[in-house]
Amino acid sequence: MSKHTSTIGLSKTSLLKGMQCLKALYLSKNPPAFEIPFDPDLEAKFTLGHEVGFLAQQLFPGGTEVPFSGLTVTEQIAKTQELINAGAEVIYEASFAFDGIFIKADILVRNGAAWEIHEVKMGTKVKDPNSDDAAIQYYVVTNSGLPVAKVFLVHINNQYVRQGEIDVQQLFTSEDLTETALARQAALPGIVADLRQVLKGDEPAIDIGPYCSTPYDCEFVPYCWQHIPEDSIFSLRGRGINKFDYYRQGIIRLEDLPLDKLNDAQRFQAISTINKKDTTEPSGVKAFLDSLWYPLCHLDFETFDAPIPPFDGTRPYQKIPFQYSLHIQESEGAEPVHYEYLVEPGKDPRRELAEKLLAEIPEDSCILTYNQTFEKGVLKNLAGTFPDLAPAINTRIENIRDLMAPFKRRDIYRWQMKGSYSIKAVLPALVPDLSYNGLDVSDGMMAMRVYHEMCKTDDSVKVVVLRGGLLEYCRLDTLAMVKILRETSRFVLSDDGP
């Protein structure tokens, strides 16, 4: 079955990495003397991908898996050949090698005299790298001597709504990539040869470029971008100039940019940063403050999503609230009273969360959020899920106001915000004595990851620690809003602000 397996040294993953950037491939095989920060999000994504792949095996039940752990590469290849010779109809994680390239096909299904490859992804549509993925699978398997009739990409159907046990036939959908895979076969030997040639030499002299983040974020960005200063052209927010065009001309620092080439928003950011210039528009701030009333409820949700919907009535990747923090001020200047909710691990939080929230937020109160689109979206989903609660929820939605608004409009802008109006940028600029630094949970993605970890552990002590971190983080989000609003109100006292 296998040819040229004595020089195994490339995997499908490394080939795809090299097709994005030759330098990334080289660095993955020859790690630089540079500490690359650990990315826990990648590990969490890998774990989720494994769960999705395992569930997708139910599309073709009764197969035999060729395990990765416990067997050498040679043994995995031999085991696959043994199953094929024995007449297996379905093989999971089938292993092949050709020309030193090792791959594992997620699901291999016999189709008459030939076979079908079913590659499983946890995305919701076919992306261009998936076509390269399919082409590599076809290349290695067919050149190993096994005839392949079809190559399919199996991905998540985000329109599926769970009711009862997961229906894998509805959760997953397949797209035929055979034609695309065949069209890319002729170019693959040359691509592989080029990649191997790179690995024989020194570190490629490849500068930074769009490929550092397209189609995937590269883990070597901290190494390759270490020469870029903090206030560079790449710190400009939003769309505007082609930053790499200027970079290739040797223009890196903000102060070296021709300001007349920037759009209004980027010019504003550049000038403010270069001159350390703050801006205040008291009339805009006053109009915002006049739109608020008391009782004033500062609200923040934390949500999770997952490719496999966890509860009845949920879809893949639906944002499900598992936690909220609420600081309520009864009158102007009053000390806020704090309320909070965090679901027990593994429990559907939605009904309990909605009822508790409605009991705590007075019907006629003003609800202040930071980025109202998110909180409104969560509440609208709850209203749709629980029609009996919808009138009360919709009343609260009508009373929502957005603390982000004056910062997004730049009625208040501090140069330290560097073009951002996120709460993580605004808080240190306006309230430097309050910080997310040092928290066990410091952002929304981490909160989601910790929630998933809390649901999977049986260690009760660990659950207590994880809950504590989540509660502390979410509480700080709404406390930050209280403090930011307090500082915001001072900007109408004089033209210069505090």
Residue that is nearest to Pro309 (Cα to Cα), among those in the stretch 61-87 that are among the hydrophobic types (A, V, I, L, M, F, W, C) and surrounded by fewer than 18 Cβ atoms within 10 Å (Cβ to Cβ): Phe68
Count - residues of the stretch 197-211 that are under 24 Å from the mean Cα position of the chain (by Cα) and either in the same structural domain as Pro32 (by TED's automatic domain parsing) or not in a helix (DSSP H, G or I) (or both): 2
Residues located in the stretch 327-345, provided they are part of a loop (DSSP other than H, G, I, E, B) and of a type outside the set (Asp, Glu): Ser331, Gly333, Ala334, Pro336, Val343, Pro345
Single match in Glu51, Glu43 (criterion: modelled with pLDDT of 95 or more, under 23 Å from Lys121 (Cα atoms) and under 32 Å from the mean Cα position of the chain (by Cα)): Glu51
Residue check, Arg414 outside the structural domain of Phe46 (by TED's automatic domain parsing) and in contact with a His (Cβ under 7 Å, 6 or more places away or on another chain): no
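This table checks each residue for (1) assigned by TED's automatic domain parsing to the domain that holds Val140; (2) surrounded by fewer than 20 Cβ atoms within 10 Å (Cβ to Cβ); (3) closer than 22 Å to Ala134 by Cα; (4) touching a residue at least 40 places away in the same chain (Cβ under 8 Å).
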position: Gly9; (1), (2), (3), (4): yes, yes, yes, yes
position: Leu25; (1), (2), (3), (4): yes, no, yes, yes
position: Lys29; (1), (2), (3), (4): yes, yes, no, yes
position: Ile36; (1), (2), (3), (4): yes, yes, no, yes
position: Asp41; (1), (2), (3), (4): yes, yes, no, yes
position: Ile91; (1), (2), (3), (4): yes, no, yes, no
position: Ala105; (1), (2), (3), (4): yes, no, yes, no
Failed condition for Met445, given (1) surrounded by 16 or more Cβ atoms within 10 Å (Cβ to Cβ); (2) closer than 21 Å to Thr47 by Cβ: (1)
One residue from Gln249, Gln269 being of a type outside the set (A, V, I, L, M), outside the structural domain of Ser28 (by TED's automatic domain parsing), exposed (fewer than 12 other Cβ atoms within 10 Å of the Cβ) and modelled with pLDDT of 95 or more: Gln249
Top-ranked residue of the stretch 165-196 - restricted to ones that are assigned to a helix (DSSP H, G or I) and in contact with a helix residue (DSSP H, G or I) (Cβ under 6 Å, 6 or more places away or on another chain), ranked as surrounded by the fewest Cβ atoms within 10 Å (Cβ to Cβ): Val168
Residue count for the stretch 57-70, restricted to those that are modelled with pLDDT of 95 or more and either in contact with a helix residue (DSSP H, G or I) (Cβ under 7 Å, 6 or more places away or on another chain) or among the hydroxyl-bearing types (Ser, Thr, Tyr) (or both): 5
Candidates Glu355, Glu363 - the one that is assigned to a helix (DSSP H, G or I), assigned by TED's automatic domain parsing to the domain that holds Met481 and either modelled with pLDDT under 95 or more than 28 Å from the chain's Cα centre (by Cα) (or both): Glu355
Subset of the stretch 281-336 [more than 21 Å from Leu470 (Cα to Cα), out of contact with any Ser or Thr (no Cβ under 9 Å at 6 or more places or on another chain) and among the β-branched types (Val, Ile, Thr)]: Ile308
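The values are calculated or read from the model by the stated rules, or taken from the named source; none is laboratory data. Given the structure is predicted, the values throughout are model-derived calculations rather than measurements. With ideal geometry, Cβ positions are generated from the backbone for all residues, glycine too; neighbour counts draw on all protein chains shown.
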